[in-house]
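Below is one structure, written out as structure tokens; comments come after it.
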Amino acid sequence: MVRHSEEIVDLDPITWFDGARRVLFVHAHPDDETITTGGTLAALSEAGAEPGLVTLTRGERGEVTQGPFASLAGTDRLAAHRETELAAALFMLGVDRHAYLGTPPARAADREPRTYVDSGMAWGQDGFATASPDASVDALTRASVIEPLNDLLALAAEWAAEAVVSYDASGGYGHPDHVFAHRLGRAVAHGLELPFWEIVTEGSLPGEAGVDLDVAEADEAVEGPTALVAYDVGPWNERKLAALRSHATQLTVDGDTIVHVGGQRQPIELIERYRRLPQLR
């Protein structure tokens, strides 16, 4: 069993992720980037690094908050509106590099652009999300693996990525698009021999923050003192809050809490955690 303690890092963000300046963040839907990594993106951008974000879908099947945007639910207009929300959020975070998977520069050479559609989800009895039984033929999770893989490889090469960040193997809470993002991001990191960092959320922590954490779920031993890091993003919280408010179809901000469409409440994290995984064999 391999165990590591959490290390809270207050250093210059330019030193985060072992000093990689061009970190590629792989997220499934608009708003995911801000909820789990918004403070990190803002910090890296302000420090002069060049973080890049690829969004795999436009969140076409997302639920919508009650109020002025409720009429967008289940319509073709929702995807376009969520694009505008994401653009506003990235402006607040200071992120200039963004692409949707399937659209240049996140598209393999000589291939016509395409849209990968939100796969949808259902809640399982264990409280985790599972695949939706009615995913469309254009859904991300129904794409042949090689096509999105080549698209992400093209983007990583175009942006000269030095590290890749995405969800843990469970996708955080089980959403099939999140799980797909993890597998896709890790495969690209492996193919390009780049470090892969998984996002560590409360649901993926095998223990409480600040104590030794069991990371033995990886097939290979994790080496080095920075296997698990916790970045203090408090100084960039105002940017993160502004970006969260941009995603008004998906959530509301209530003080220091996110209120999701279904009423679930989630603390706005001032510490964002990551774990570096070993290279695949």
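The values are calculated or read from the model by the stated rules, or taken from the named source; none is laboratory data. Bear in mind that the values here come from a model prediction, so they are computed numbers and not experimental data. Glycine also receives a Cβ, built like all others from the backbone with ideal geometry; neighbour counts cover every protein chain displayed.
State yes or no: is Ala42 touching a helix residue (DSSP H, G or I) at 6+ places or on another chain (Cβ under 9 Å) and either among the aromatic types (Phe, Trp, Tyr) or without any contact (Cβ under 8 Å) to a residue 12 or more places away in the chain (or both)?
When the stated conditions are applied, Ala42 does not pass them.
Residues of segment 259-281 being assigned to a strand (DSSP E or B) and either closer than 30 Å to Glu193 by Cα or out of contact with any Lys or Arg (no Cβ under 7 Å at 6 or more places or on another chain) (or both), which ones?
Hits for segment 259-281 are His260, Arg265, Gln266, Pro267, Ile271, Glu272, Arg273, Tyr274, Arg275, Arg276, Leu277.
Looking only at segment 58-90, which residues are of a type outside the set (A, V, I, L, M), in a helix (DSSP H, G or I) and without any contact (Cβ under 8 Å) to a residue 24 or more places away in the chain?
The answer is Ser71, Arg77, Thr84.
Name the pairs whose Cβ atoms lie under 8 Å apart, with the first residue in segment 96-112 and surrounded by fewer than 18 Cβ atoms within 10 Å (Cβ to Cβ), the second part of a loop (DSSP other than H, G, I, E, B) and of a type in the set (Val, Ile, Thr), and 6 or more positions between them or separate chains?
Qualifying pairs under 8 Å: Thr103/Thr115.
Could you tell me how many of the residues in segment 229-258 are over 28 Å from Asp18 (Cβ atoms) and assigned to a loop (DSSP other than H, G, I, E, B)?
6
What about Tyr167, is it hydroxyl-bearing (Ser, Thr, Tyr), at pLDDT 95 or above and over 16 Å from Arg58 (Cα atoms)?
The answer is yes for Tyr167.
Give Asp12, Asp76 a once-over and let me know the one that is among the acidic types (Asp, Glu) and within 23 Å of Tyr116 (Cβ to Cβ).
Asp76 is the lone residue from the list that is among the acidic types (Asp, Glu) and within 23 Å of Tyr116 (Cβ to Cβ).
Can you pull out the residues in segment 181-212 that are modelled with pLDDT under 50 and either out of contact with any Lys or Arg (no Cβ under 7 Å at 6 or more places or on another chain) or loosely packed, with under 12 Cβ neighbours inside 10 Å (or both)?
Leu205, Pro206, Gly207, Glu208, Ala209, Gly210, Val211
Can you confirm whether Leu93 is on the phi < 0 side of the Ramachandran plot, in contact with a strand residue (DSSP E or B) (Cβ under 8 Å, 6 or more places away or on another chain), modelled with pLDDT of 95 or more and buried (at least 22 other Cβ atoms within 10 Å of the Cβ)?
So Leu93 fails the test.
When the residues of segment 10-61 are filtered to those that are acidic (Asp, Glu) and on the phi < 0 side of the Ramachandran plot, which remaining residue is surrounded by the most Cβ atoms within 10 Å (Cβ to Cβ)?
Among them, the one singled out is Asp32.
For Leu251, indicate whether it is over 20 Å from Phe91 (Cα atoms) and in contact with a His (Cβ under 7 Å, 6 or more places away or on another chain).
no
Looking at segment 236-281 only, could you name the residues that are in contact with a strand residue (DSSP E or B) (Cβ under 6 Å, 6 or more places away or on another chain) and touching a residue at least 60 places away in the same chain (Cβ under 8 Å)?
Leu244, Leu251, Thr252, Ile258, Gln266, Ile271, Glu272, Arg273, Tyr274, Arg275, Arg276, Leu277
Every residue in segment 96-120 that is among the small types (Gly, Ala, Ser) and either in contact with a Leu (Cβ under 8 Å, 6 or more places away or on another chain) or not in a loop (DSSP other than H, G, I, E, B) (or both), please.
Passing the criteria: Ala99, Ala106, Ala108, Ser119.
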